[in-house]
1. Region 1-80: which trypsin sites (Lys or Arg not before Pro) are DSSP loop and have at most 10 other beta-carbon atoms within 10 angstrom?
2. Which ³J(HN,Hα) values in Hz, rounded to whole numbers, follow from the phi angles of region 19-36 under the Karplus curve 6.51 cos²θ - 1.76 cosθ + 1.60, where θ = phi - 60° and Gly and Pro get x?
3. Classify region 5-96 as rounded, prolate or oblate, taking a ≥ b ≥ c as the square roots of the eigenvalues of its Cα gyration tensor: rounded when a/c is under 1.5, otherwise prolate if a/b is larger than b/c and oblate if not.
4. Quick one: Cα centre-to-centre distance for region 1-39 and region 41-56, in angstrom?
5. Return, ordered by residue number, the residues of region 51-83 whose backbone nitrogen is under 18 Å from a label point located 7 Å along Cα→Cβ of Lys43.
6. 7 Å from Cα along Cα→Cβ at both Cys93 and Asp17: what's the point-to-point distance in nm?
7. Nothing charged except the Cβ atoms of Lys and Arg (+1) and of Asp and Glu (-1): what's the magnitude of the dipole of region 5-96 about its Cα centre? Round to the nearest 20 debye.
8. For Tyr38, enumerate residues with amide H under 5 Å from its amide H, sequence gap 5+ or separate chain, H modeled in the peptide plane.
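Where a number appears in this text, it was derived from the coordinates with a stated rule and is not lab data. Quick caveat: nothing in here was measured; it's all calculated off a predicted structure. All Cβ positions, even for glycine, are placed from backbone atoms using ideal geometry, and neighbour counts span all protein chains on display.
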Amino acid sequence: MPITRADAARLVGPARDGALLRVHVQPGARREETGTLYGDSLKVSVRARAQDGLANQALLRLLARLLEVPPTSLSVASGQASRDKRVLFSGLCADELVERLVLLKVPAQ
């Protein structure tokens, strides 16, 4: 099921330098994917293990590719050592991030 505009708006907040996205990361997954909700967060599965920042790096690469933003514009703003994180999208306003989430291609369940 695609992410609705109302759901996307709950996941995104404004930041001084861009927009923040709440995510829940599942490291060590069989495949990398996103598109489902986990409470008030976007669930993102990555293959990388949660050690030495590998899962965080995989998370940022996946989000950059899926949401068509430069990887260098993304950073983990909070939750570096937690499954629950806030990712900063520098240079992208909250409304634009909401639109990109709504257009996100969701894998068949």
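1. Arg16, Arg30, Arg31
2. Working through the residues one at a time gives 9, 10, 10, 7, 10, 10, 9, 10, x, x, 7, 5, 9, 8, 6, 7, x, 10 Hz.
3. Cα axes put region 5-96 in the prolate bin.
4. Comparing the Cα centres of region 1-39 and region 41-56, I get a distance of 13 Å.
5. 59, 63, 83
6. So the two model labels end up 2.0 nm from each other.
7. With Lys and Arg at +1 and Asp and Glu at -1, about 320 debye.
8. When sequence neighbours closer than 5 places are left aside, the close amide H contacts are Lys43.
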